[in-house]
Amino acid sequence: MAVKKLSKGALSKSFRNWFYGHLTCFSQEHMQTFGYLCSMLPLVEELYDTKEEQKEAMQTYTAFFNTEPQLGTLVVGITAGLEEAKANGEDIDGEMINGIRAGLMGPVAGIGDSLVVGTLIPILLGIALGLSTGGSPVGAIFYIIVWNLIITLGMRFLYYKGYELGGKAVELIVGEQANAIRESVIMLGTVVIGAVAASWISVTTSFQMLNAEGGTIINLQNTLDGIYPKLLSAGAVIFCWWLMSKKKISPTIVMLLLVVIAFVGVLLGFFNPGLSY
Amino acid sequence: MEISILQAVLFGLFACLASMPGMGGTVLGNYTLGRPLVAGLVVGIIMGDIQTGIIVGAAIQVVYIALVTPGGTVSADVRAISYIGIPLSIVAIKGLGLDPSSAAAAQMATALGAAVGTLGTVLFYGTATINLVWQHMGWKAVEKGDFKKLYLVDMGLPWISHLLCSFIPTVIITKMGSDMVDVIKTALPMDGIAMKTLFTVGSLLPAVGVAILLKQVVVKATDLLTFFFGFTLAACMGVNLVGAAIIGGFFGVINYKIKMLAIHKAAVAGANTVEDEEEDI
């Protein structure tokens, strides 16, 4: 029997189906399962001739799947390689493929969320916000081009690396070098986020102590600025961070809490935007 | 300022593309068109005022800079923030006569965006629930071996979910919302407690967005120092964001080199016999 080899066309169709369709049919019960099925379908159709074999192969991918979809492309690539090996009669079965898939879902989601959504996007948006000062469209255009370029090339790379290397590809994202890169990128991200916070958050107080003639004794905002510029803005961030990470309060509740704080602050004269129509 | 039916329809269409399980896919849909900054550009073009669109989009973007959806739990959905919140904010800013480049305009936009964002959560769960029907059809197709139908299930039928949960709500709310501004203007004076609170909330909300991000990246307490390093660069030294990214990148590279050295050393110590040809130090 000739060795079965996936054609370029089938692989790129599989990649395209994942790239576009991994979340289009999302439900709480089967998040990315259908995206996965659509991505494996061109491969299964090429590797197996009879309907029965195809059905059996597709059955593997009906198991629940959900991870960070950008980095998760690697997992799809790995299974493409494994499915090819299985069709060639190597000692691999559907159960084993599913074991690998299930095992990778969690770690890939964790790394992907912190690296792609938690760091790469904020860095790009942070720079884009800097370019948007005064309502300039340059920032938005910068983000559209750079994000799509990086992530499309990145996902392609991961897919084909996964296909080539099979199980060994896991080293790409959990190896020591990958860890060093991840830590360094997160460091860059944290610096940018600090700068975003200082540039875009502006919490100020209108609290003043007046003497009998109406002159100012203490202007709280000026005093605070003297200690550390934007101290209240920094304080607001740390307060919210503390509530969410140490007290495990959900962002929605934190937002509601801020409404209460704002209301009380306005009543006490601590906050006053000082606007009129 | 009025929103025409054509404009409302366009917002509806973009809402379908940009949602979390959106029809634009995540790369081009949710992570591009869905970002409030990009939506600010899109809405600005549709409404014929790019400058105000970007200013509003940028202000809202700070709140949602880290929209991480771990395991599909959504705290706010971008379709409503971007394609309902931004158009309404623009209308409100113009209707109330605020200067678009003022802090007040930004605070108005963030408060309105967050309020509409909670509606987005409802729309998100609505879409996901309707998709269950298509998935059910999908399972039948897999059983029968009717595989071509999978494409219809994954990429075609969810449009119906979005017609119901993205398109129609967006069109109705943006169309109706523009009349609301006049009502607000007469009912709630700017120096009243309600409006003062609204604007104050608007100034506090970006802190939540940044805090969500911090929660992601801060593992140990010293990581907070990295955050304050960036904060100090901008607040005390006046470095802009591009400058801060370059400085941050520089420290990132140093950190990478240190880490690699440590790994290298450990590898050499661990296996004296193994030759290492990667780098000469």
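The values are calculated or read from the model by the stated rules, or taken from the named source; none is laboratory data. None of the values given here were measured: they were computed from a predicted structure. Note that we place each Cβ from the backbone using ideal geometry, even for glycine, and neighbour counts take in every protein chain shown.
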Kindly list the number of the only condition in (1) part of a helix (DSSP H, G or I); (2) touching a Leu at 6+ places or on another chain (Cβ under 8 Å) that fails for A:THR205. (1)
Residue hits (the stretch A:43-91; in a loop (DSSP other than H, G, I, E, B) and in contact with a Leu (Cβ under 6 Å, 6 or more places away or on another chain)) are A:TYR61
It is to be established whether one or more residues within the stretch A:182-190 are surrounded by fewer than 19 Cβ atoms within 10 Å (Cβ to Cβ) and either outside the structural domain of A:LEU115 (by TED's automatic domain parsing) or part of a helix (DSSP H, G or I) (or both). yes
Inspect the stretch B:179-187 for any residue being surrounded by fewer than 13 Cβ atoms within 10 Å (Cβ to Cβ), in a loop (DSSP other than H, G, I, E, B) and either in contact with a strand residue (DSSP E or B) (Cβ under 8 Å, 6 or more places away or on another chain) or not acidic (Asp, Glu) (or both) and give the result as yes or no. no
Within the stretch A:207-249, which residues are at the interface with chain B (Cβ under 10 Å from one of its Cβ atoms) and over 32 Å from the mean Cα position of the chain (by Cα)? A:ASP225, A:TYR228
Could you say which residue among A:GLN59, A:GLN54 is in contact with a helix residue (DSSP H, G or I) (Cβ under 6 Å, 6 or more places away or on another chain), at the interface with another protein chain (Cβ under 10 Å from one of its Cβ atoms) and surrounded by fewer than 24 Cβ atoms within 10 Å (Cβ to Cβ)? A:GLN54
Among residues belonging to the stretch B:217-264 that are surrounded by fewer than 18 Cβ atoms within 10 Å (Cβ to Cβ) and of a type in the set (Gly, Ala, Ser), point out the one that is nearest to the other protein chains (Cβ to nearest Cβ). B:GLY249
Hits in the stretch A:248-269 - residues which are surrounded by fewer than 16 Cβ atoms within 10 Å (Cβ to Cβ), modelled with pLDDT of 85 or more and not aliphatic (A, V, I, L, M): A:LYS248
B:PHE167 passes all but one of the listed conditions (1) at the interface with chain A (Cβ under 9 Å from one of its Cβ atoms); (2) touching a Cys at 6+ places or on another chain (Cβ under 7 Å); the exception is number (1)
The conditions are (1) touching a residue at least 60 places away in the same chain (Cβ under 8 Å); (2) surrounded by 21 or more Cβ atoms within 10 Å (Cβ to Cβ); (3) under 30 Å from B:ALA59 (Cα atoms), and A:TRP147 fails exactly one of them. Which is it? (1)
As an exercise: evaluate B:ILE93 against (1) at pLDDT 85 or above; (2) of a type outside the set (Phe, Trp, Tyr); (3) under 11 Å from the mean Cα position of the chain (by Cα) and give the number of the one condition it does not meet. (3)
Starting from residues that are at the interface with another protein chain (Cβ under 7 Å from one of its Cβ atoms) and either within 18 Å of the chain's Cα centre (by Cα) or part of a helix (DSSP H, G or I) (or both), keep the ones in the stretch A:132-142 and report whichever is nearest to B:GLY238 (Cα to Cα). A:GLY134
Could you please give the count of residues in the stretch B:14-27 that are more than 7 Å from chain A (Cβ to nearest Cβ) and not polar (S, T, N, Q)? 8
Go through the stretch A:208-228 and give me each residue that's part of a loop (DSSP other than H, G, I, E, B) and either touching a residue at least 12 places away in the same chain (Cβ under 8 Å) or touching a strand residue (DSSP E or B) at 6+ places or on another chain (Cβ under 6 Å) (or both). A:ASN211
Any residue in the stretch B:42-61 that's over 17 Å from A:TRP200 (Cα atoms): show its pairings with residues that are not in a helix (DSSP H, G or I) at Cβ separation under 7 Å, as long as the two are six or more apart or on different chains. B:ILE50/A:PRO137; B:GLN51/B:PRO100
For the stretch B:1-38, which positions are surrounded by fewer than 22 Cβ atoms within 10 Å (Cβ to Cβ), touching a residue at least 40 places away in the same chain (Cβ under 8 Å) and not aliphatic (A, V, I, L, M)? B:GLU2, B:GLN7
Going by the structure shown, is B:THR197 in contact (Cβ under 8 Å) with a residue 40 or more places away in the chain and either among the β-branched types (Val, Ile, Thr) or more than 10 Å from every other protein chain (Cβ to nearest Cβ) (or both)? no
Of the residues A:GLY162, A:GLY126, only one is more than 11 Å from chain B (Cβ to nearest Cβ) and in a helix (DSSP H, G or I); which? A:GLY162
Could you please give the count of residues in the stretch A:108-136 that are polar (S, T, N, Q) and out of contact with any Gly (no Cβ under 7 Å at 6 or more places or on another chain)? 3
Taking the stretch B:1-23 and keeping residues more than 15 Å from the chain's Cα centre (by Cα), of a type outside the set (A, V, I, L, M) and under 21 Å from A:ILE141 (Cβ atoms) leaves B:PHE11
